[in-house]
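See below for the structure under consideration.
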Amino acid sequence: MTFTLPTAPAPSTLPADLLEADFYAFQSLLTEREQCALREIRHFLDTEVRPFADDHWERAESPRHLVPRIAELGLYGNAFPETRQFENSNVFRGWVALEISRCDPSTATFIGVHSGLAMTSIAVGGSAEQKAHWLPRLARGELVAAFGLTEPGHGSDTARGLETTAERRTRADGTHEWVLNGAKRWIGNGAFADLVVIWARDVADDQVKGFLVRTPAVGFSATKIERKQSLRAVENADIVMDGLVVPESDRLPHIDGFRDVAVVLRLTRADVAWQALGVAVGAYDAALAYAKARVQFGKPIAAYQLVQQKLATALSNITASIALCVRVSQMQDEGIQRDHHSAMAKAFVSARMRETVALCREITGGNGIQLGSQDQLDADLPAGSSVARYFADAEAVYTFEGTFEMNSLIVGRAITGIAAFV
């Protein structure tokens, strides 16, 4: 029997200017329109974000001037029918999250909190009136939103341990309002947000409910958390509520219990996996450029076997992570994604990210611990390509939206049918 080898496939027509680290050309799954949109977003990031990312990071200041420009590109709320500027897939939105994080993880986190967590909370739990009032304004960047779930004493165990309380009371005119008391911690965008989604436990039925808190407000204070060493350009806040009054009209009516909060987290956790992937790609891009330009012992360090091995391992981590992220986003598009799918993606990709940024830091040596080092500039590397920023930011991305351990246990519960946590 004679076998005939198939004709070699034609070279990929995928535009080379999209993402060099996409070794298996997963971007070919995007439509031509989505690829064009991704190039436009890449151009915006390279020209308006990347040149200033290190400076904002070092000053620990959010680049607030970018809020309206990001809105012009349709990067807020493109997952919701009320604010979508053009039809696209969850796979495309994942690539967008990767590109933003690849440029600046702090900007990606700002968008993830504003457009992901906060807007998704309104889209999932809000009334028709609330969605019509808030989502377009948030999508246009007229307001900045935050998401208040984590507390000083409760992170992984917020489902059972949430201490912030909400008590319903009746006004003299017969209408109802809620009084919120408690504290929140590590609230991204919380230092300057106009609207904060606060999760509190109803003292009457012990169920978690969601509230839209407009700031400033009597009984509400937000204090910027200082001296962070990761995602410094994200202005996290400690929030305290002391007798904060919220009208019944600002309660999210379709939220009644933590299972509804979990829906929001499931929808956004896959986005965080893409964000972790972007951190790894950003570090890899910078390390590869550095290795080609940095000369030691008479030749670029990219010529040495051990450096090539580190680059190959980093790219392998990235490629495996892309495959996982793409499939989870496809499952979102198909309506079959479950909590454990998002949890596996976040846990696996963030772990591979952590290894990858460490390898990239090793490749860049001493220059890999400095923002925009002179040596990098002398080597004609892109401004703002510092591996140090990715290396530091990776630690926060590794932890938020569920730690590696908690996400692993969610997967373990799906595998065994036994919960290893309560």
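So is residue 178 within 25 Å of the chain's Cα centre (by Cα) and either part of a helix (DSSP H, G or I) or among the aromatic types (Phe, Trp, Tyr) (or both) or not?
no
Being open to solvent by 10 Å² or more (accessible area, probe 1.4 Å), within 27 Å of residue 413 (Cα to Cα) and out of contact with any Asp or Glu (no Cβ under 6 Å at 6 or more places or on another chain) is true for just one of 288, 306, 311, 267. Which residue is that?
Of the residues listed, the single one that is open to solvent by 10 Å² or more (accessible area, probe 1.4 Å), within 27 Å of residue 413 (Cα to Cα) and out of contact with any Asp or Glu (no Cβ under 6 Å at 6 or more places or on another chain) is 267.
Just checking, how many residues over the range 24-80 are closer than 26 Å to residue 323 by Cα and open to solvent by 30 Å² or more (accessible area, probe 1.4 Å)?
Counting residues in the range 24-80 that are closer than 26 Å to residue 323 by Cα and open to solvent by 30 Å² or more (accessible area, probe 1.4 Å) gives 14.
Looking at the range 142-151, is at least one residue in a strand (DSSP E or B), without any contact (Cβ under 8 Å) to a residue 40 or more places away in the chain, closer than 20 Å to residue 241 by Cα and not aromatic (Phe, Trp, Tyr)? I'd like the intermediate steps shown before the answer.
Step one: of the range 142-151, the residues in a strand (DSSP E or B) are 145-148, 151.
The next check asks that each one be without any contact (Cβ under 8 Å) to a residue 40 or more places away in the chain; those that pass are 151.
Going one step further and asking which of them are closer than 20 Å to residue 241 by Cα, we end up with 151.
Those still in the list that are not aromatic (Phe, Trp, Tyr) too: 151.
For the range 142-151, residues in a strand (DSSP E or B), without any contact (Cβ under 8 Å) to a residue 40 or more places away in the chain, closer than 20 Å to residue 241 by Cα and not aromatic (Phe, Trp, Tyr): present.
Just give me the residues in the range 399-416 being within 13 Å of residue 276 (Cα to Cα) and either at pLDDT 95 or above or among the polar types (S, T, N, Q) (or both), in sequence order.
Matches in the range 399-416: 399, 403.
If residue 238 meets every condition in (1) open to solvent by 10 Å² or more (accessible area, probe 1.4 Å); (2) not assigned by the TED database to the domain that holds residue 182 apart from one, which number is that one?
(2)
Here are 101, 156, 115: which of them is of a type in the set (Ser, Thr, Tyr), in contact (Cβ under 8 Å) with a residue 40 or more places away in the chain, out of contact with any strand residue (DSSP E or B) (no Cβ under 6 Å at 6 or more places or on another chain) and not in a helix (DSSP H, G or I)? Give the derivation first.
Values: 101 fails: not in a helix (DSSP H, G or I); 115 fails: not in a helix (DSSP H, G or I).
Selected residue: 156, the only one of 101, 156, 115 that is of a type in the set (Ser, Thr, Tyr), in contact (Cβ under 8 Å) with a residue 40 or more places away in the chain, out of contact with any strand residue (DSSP E or B) (no Cβ under 6 Å at 6 or more places or on another chain) and not in a helix (DSSP H, G or I).
Tell me, which residue of the range 337-374 that is aliphatic (A, V, I, L, M) and within 15 Å of residue 268 (Cα to Cα) is surrounded by the fewest Cβ atoms within 10 Å (Cβ to Cβ)? Reasoning before the result, please.
Start the filter on the range 337-374 by keeping residues that are aliphatic (A, V, I, L, M), which leaves 343-345, 347, 349, 351, 353, 357-359, 363, 369, 371.
Those left that are additionally within 15 Å of residue 268 (Cα to Cα): 343-345, 347, 349.
Values: 343: 27, 344: 19, 345: 30, 347: 24, 349: 31.
The selected residue is 344.
The values are calculated or read from the model by the stated rules, or taken from the named source; none is laboratory data. All figures in this text were calculated on a predicted structure; none of them were measured in a lab. Neighbour counts run over all protein chains shown; Cβ positions are idealised from the backbone, glycine included. Accessible surface is based on the protein model in full, side chains and every heavy atom, while ligands, DNA and RNA are left aside. Shrake-Rupley method; radii C 1.70, N 1.55, O 1.52, S 1.80 Å.
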